[in-house]
Amino acid sequence: MALRNILHDNHPVLRKKTDKVKNLSSGVLRLLDDMRETMKDANGVGLAANQVGVSKRILIAADGDEVIYELINPHCEKREGEGMGIEGCLSVPQTYGEVPRATKVVVTAIDREGKPFRITAEGLLARILQHEMDHLEGVLFTDKAVRFIDPAEMQEGEES
Ligand code: ZN
């Protein structure tokens, strides 16, 4: 495993829609391992492949301290409710904002073995998944934030 360099928000790759993964090559598996290590090292709760410069539909999302979901070709099947929450992003350092998101989502994807699975997520995990799926479309949370928050107001940010 190796740490990858996290791109910042002025990088054009972050603004490009990512490509669907067609085969689970060893490169994709290595990328997933590296993304896990890179996210942990940066104290993040989610990471999209294009944040490390790979324009493919791959994301990881932490569910608490123990579980990290790996989603290849994720698709949001269902969204419910709307709630406001504060977000940050590893690609947009020292910036926090309030972003409206669905409070519950159902997301389908394939895992690293190519098996389809479905996650029903609420609360923070639902927010992380929506934030990361936006990355795959070239969208940043700063596009959707309704209010930005002074970093001094933030005790401890969760960045994805
Ligand atoms: Zn982000």
* Output for the range 74-105, where each listed residue is under 20 Å from LYS20 (Cβ atoms) and surrounded by 17 or more Cβ atoms within 10 Å (Cβ to Cβ) -> PRO74, VAL105
* What do you reckon, is ASP34 acidic (Asp, Glu), away from the ligand (no atom under 16 Å from the Cβ) and in a loop (DSSP other than H, G, I, E, B)? -> no
* Any residue in the range 64-75 that is within 20 Å of ARG101 (Cβ to Cβ) and within 15 Å of the ligand (Cβ to nearest atom)? -> yes
* **Residue match in the range 40-62 (condition: touching a Phe, Trp or Tyr at 6+ places or on another chain (Cβ under 6 Å) and touching a residue at least 60 places away in the same chain (Cβ under 8 Å))** => yes
* Which of the following residues is open to solvent by 60 Å² or more (accessible area, probe 1.4 Å) and without any contact (Cβ under 8 Å) to a residue 40 or more places away in the chain: LEU3, LEU31? -> LEU3
* Asked: Which residues, taken from the range 107-152, are part of a helix (DSSP H, G or I), in contact (Cβ under 8 Å) with a residue 12 or more places away in the chain and not aliphatic (A, V, I, L, M)?
  -> GLY123, ARG127, GLN130, HIS131, GLU132, HIS135, PHE141, THR142, LYS144, PRO151
* **Tally, over the range 101-113, of residues that are within 16 Å of the ligand (Cβ to nearest atom) and of a type outside the set (D, E, K, R)** => 0
* Structure fact -> Exactly one of GLY97, GLY88 is closer than 17 Å to ASN43 by Cα and touching a Phe, Trp or Tyr at 6+ places or on another chain (Cβ under 7 Å), and that one is GLY88
* Structure fact -> Within the range 53-73, residues being on the phi < 0 side of the Ramachandran plot and open to solvent by 20 Å² or more (accessible area, probe 1.4 Å) number 11
* Asked: Do we find that LEU129 is on the phi < 0 side of the Ramachandran plot, crowded, with 20+ Cβ neighbours inside 10 Å and in contact with a Cys (Cβ under 8 Å, 6 or more places away or on another chain) in this structure?
  -> yes
* Asked: From the list LYS17, LYS22, which one is assigned to a loop (DSSP other than H, G, I, E, B), surrounded by fewer than 19 Cβ atoms within 10 Å (Cβ to Cβ), in contact with a Gly (Cβ under 6 Å, 6 or more places away or on another chain) and among the charged types (D, E, K, R)?
  -> LYS17
* Asked: Going by the structure shown, is PHE141 modelled with pLDDT of 95 or more and open to solvent by less than 80 Å² (accessible area, probe 1.4 Å)?
  -> yes
* Which ones in the range 37-52 are of a type outside the set (A, V, I, L, M, F, W, C), within 14 Å of the ligand (Cβ to nearest atom) and open to solvent by less than 70 Å² (accessible area, probe 1.4 Å)? -> THR38, GLY44, GLY46, ASN50, GLN51
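The values are calculated or read from the model by the stated rules, or taken from the named source; none is laboratory data. All figures in this text were calculated on a predicted structure; none of them were measured in a lab. Positions of Cβ are backbone-derived with ideal geometry, glycine not excepted, and every protein chain shown enters the neighbour counts. Each accessible area value is taken on the protein alone, full model and side chains, heavy atoms only, with ligands, DNA and RNA left out. Shrake-Rupley method; radii C 1.70, N 1.55, O 1.52, S 1.80 Å.
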